[in-house]
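Peer 1: Please read through the structure below; I'll follow up with questions.
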Amino acid sequence: MKSERSLLVFQMLSFTLIGGMGTFMNFINLYLEQELGFTGSQIGIITMISMGLIIVVNPIFGYIGDKTGKHVLMLKIAFLSATFFIFLYSQVTTFAVVLAVAILFEISRACIAPFFDLITSNYCARVNFDFGKVRVFSSIGFMITVMSVGFIIAGLRIPLPGGSLIGFEGFLSIRAAVFGTIIIFLLLSFALMFFLPKQASQKQQSGVKDKFTSADILNLLKNKKYQFILVFIVLSLVALESAKSFMGNHLVVGLGSAENILSIMTFMMVFPEVILLPIGSKIIRRVGIKKWYLFSSLTMIIRMIVYSMTHNVFLFAVVSAVHGIGVMTHISGNIPFIRKIVEPKVLGLAFTVMVSVLAFSRAILSFVFGVLYETYDGFVVFRVATGLLILGFLWILRSKSLNEMERSDI
């Protein structure tokens with residue numbers, strides 16, 4: 001019974017955490033362009049510099065967390081500081097000040113995702129519960145929240161026979177809807193942290209017995225399998241998400257859709273995750289990890305090819321349904337893979353270094369894609385992303401790291 005209550009807390013945290021952060025990721029570029037009038041290059045610079053600094057900050061957080069075992073305390077501080085800086089973000093309007101506040105916000109929330117994945121996967125491993133069955137609530141939170149925010153901004157109108165409409169008009173600005181949602185969800189996440197099981201905050205629960213030394217850091221960075229998975233994530237998830245961050249701009253500004261198209265797109269992308277994540281580990285074990293990774297990369301490539309060619313919003317939405325395959329690959333494949341190949345005492349550092357590499361590469365790609373979007377259009381952004389995804393497919397094909405993983409390892 002106690003473990004069931006604890007798992008419920010982790011599931012609720014998954015909902016609020018990703019619900020808030022998903023809202024930020026999906027709407028911030030649109031907000032910066034439509035509300036503040038920033039150009040694609042300016043948006044790219046904000047993302048590049050603010051997220052680029054995480055490559056320095058996050059490993060420090062990971063080192064402190066692994067050295068002290070205070071991952072939960074650091075998460076609480078991160079939630080509070082992120083709430084403060086996102087409020088400031090909602091108040092500033094000039095480019096220089098927005099850039100400064102964006103940097104502070106990204107630094108304040110830097111350790112949230114890796115530390116939450118660490119303590120959640122640790123607890124799931126201890127009570128023998130599938131990690132995907134917790135993280136599926138992230139997808140539910142993302143889907144419900146982002147869809148709701150889109151409808152709050154642009155309204156919902158459903159046509160009826162005879163030409164009449166039912167629904168409602170949008171009733172909040174992008175600023176109020178987006179930042180209000182993020183602040184509420186961050187505060188809820190902070191409150192839920194106090195209901196986590198005590199064991200989740202204890203260093204020894206991860207099975208760590210040896211002292212953490214500088215040699216452990218070098219061993220982690222020299223780990224060939226760890227290097228493989230970092231490169232793969234950059235050439236798959238990061239490339240896709242960096243391009244996808246301009247999806248709202250492409251659909252609303254480029255193709256003339258209403259803002260609530262983002263709500264429809266969110267449903268098309270995330271609903272399959274709700275089905276796939278609880279059974280992700282079983283699927284990967286049955287198919288085999290290398291075959292699954294190749295299949296996952298192929299779906300991303302096909303999706304970006306369609307994005308880069310079609311003006312048809314319906315086709316754009318339909319092909320987005322494969323999004324859940326990539327997310328399942330990360331949650332049920334990448335994270336268990338890292339837990340398998342990395343020593344327990346440096347897991348916190350491994351997760352934070354992963355996020356740092358992801359943030360840095362996404363920062364560079366966001367700047368490049370921002371320039372491409374401003375100079376050309378969203379179609380060119382998606383074409384360049386297609387090329388990166390093809391490199392990711394070839395990276396899996398030639399690597400032997402996945403060959404050595406048994407089906408029972410995931």
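Peer 1: Can residue 291 be described as over 22 Å from the mean Cα position of the chain (by Cα) and closer than 17 Å to residue 403 by Cα?
Peer 2: When the stated conditions are applied, residue 291 passes them.
Peer 1: With the checklist (1) at pLDDT 90 or above; (2) within 25 Å of residue 56 (Cα to Cα); (3) not hydroxyl-bearing (Ser, Thr, Tyr) in hand, flag the one item residue 344 doesn't pass.
Peer 2: For residue 344, the failing item is (1).
Peer 1: Would you point out which residue out of 39, 16 is out of contact with any strand residue (DSSP E or B) (no Cβ under 8 Å at 6 or more places or on another chain) and surrounded by fewer than 19 Cβ atoms within 10 Å (Cβ to Cβ)?
Peer 2: 39
Peer 1: With the structure loaded, tell me whether residue 288 is at pLDDT below 95 and within 30 Å of residue 175 (Cβ to Cβ) or whether it fails that test.
Peer 2: no
Peer 1: While we're here: Output the residue which, of all residues in region 109-145 that are polar (S, T, N, Q) and buried (at least 21 other Cβ atoms within 10 Å of the Cβ), is farthest from residue 363 (Cα to Cα).
Peer 2: Filtering region 109-145 for residues that are polar (S, T, N, Q) and buried (at least 21 other Cβ atoms within 10 Å of the Cβ), the one farthest from residue 363 (Cα to Cα) comes out as 122.
Peer 1: Across region 122-139, what is the number of residues that are touching a residue at least 60 places away in the same chain (Cβ under 8 Å) and farther than 14 Å from residue 8 by Cα?
Peer 2: 4
Peer 1: Looking at 75, 80, can you tell me which residue is surrounded by 18 or more Cβ atoms within 10 Å (Cβ to Cβ), at pLDDT 90 or above and not in a loop (DSSP other than H, G, I, E, B)?
Peer 2: Being surrounded by 18 or more Cβ atoms within 10 Å (Cβ to Cβ), at pLDDT 90 or above and not in a loop (DSSP other than H, G, I, E, B) holds for just one of 75, 80, which is 75.
Peer 1: I would also like to ask the following. Being in contact with a His (Cβ under 6 Å, 6 or more places away or on another chain) and either of a type in the set (Asp, Glu) or touching a residue at least 60 places away in the same chain (Cβ under 8 Å) (or both) is true for just one of 326, 370, 378, 392. Which residue is that?
Peer 2: 378 is the lone residue from the list that is in contact with a His (Cβ under 6 Å, 6 or more places away or on another chain) and either of a type in the set (Asp, Glu) or touching a residue at least 60 places away in the same chain (Cβ under 8 Å) (or both).
Peer 1: Then there is this: Hey, among 102, 191, which residue is within 27 Å of residue 52 (Cα to Cα), modelled with pLDDT of 90 or more and in a helix (DSSP H, G or I)?
Peer 2: 102 is the lone residue from the list that is within 27 Å of residue 52 (Cα to Cα), modelled with pLDDT of 90 or more and in a helix (DSSP H, G or I).
Peer 1: Here's a follow-up. So residue 342 ticks every box in (1) touching a Phe, Trp or Tyr at 6+ places or on another chain (Cβ under 7 Å); (2) closer than 30 Å to residue 248 by Cα but one. Which box is left unticked?
Peer 2: In the conditions (1) touching a Phe, Trp or Tyr at 6+ places or on another chain (Cβ under 7 Å); (2) closer than 30 Å to residue 248 by Cα, residue 342 misses (2) alone.
Peer 1: Specify the residue that is nearest to residue 136 (Cα to Cα); the eligible residues are those in region 241-283 that are in contact with a Lys or Arg (Cβ under 8 Å, 6 or more places away or on another chain) and crowded, with 20+ Cβ neighbours inside 10 Å.
Peer 2: Going through the qualifying residues, I end up with 277.
Peer 1: OK, next. Is it true that residue 58 is buried (at least 21 other Cβ atoms within 10 Å of the Cβ), within 22 Å of residue 252 (Cα to Cα) and touching a residue at least 60 places away in the same chain (Cβ under 8 Å)?
Peer 2: For residue 58, the condition - buried (at least 21 other Cβ atoms within 10 Å of the Cβ), within 22 Å of residue 252 (Cα to Cα) and touching a residue at least 60 places away in the same chain (Cβ under 8 Å) - is not met.
Peer 1: Under the condition of being outside any helix (DSSP H, G or I) and farther than 14 Å from residue 107 by Cβ, which residue from region 42-71 is modelled with the lowest pLDDT?
Peer 2: That would be 69.
The values are calculated or read from the model by the stated rules, or taken from the named source; none is laboratory data. Bear in mind that the values here come from a model prediction, so they are computed numbers and not experimental data. Note: ideal-geometry Cβ built from the backbone for every residue, glycine included; neighbour counts use all protein chains shown.
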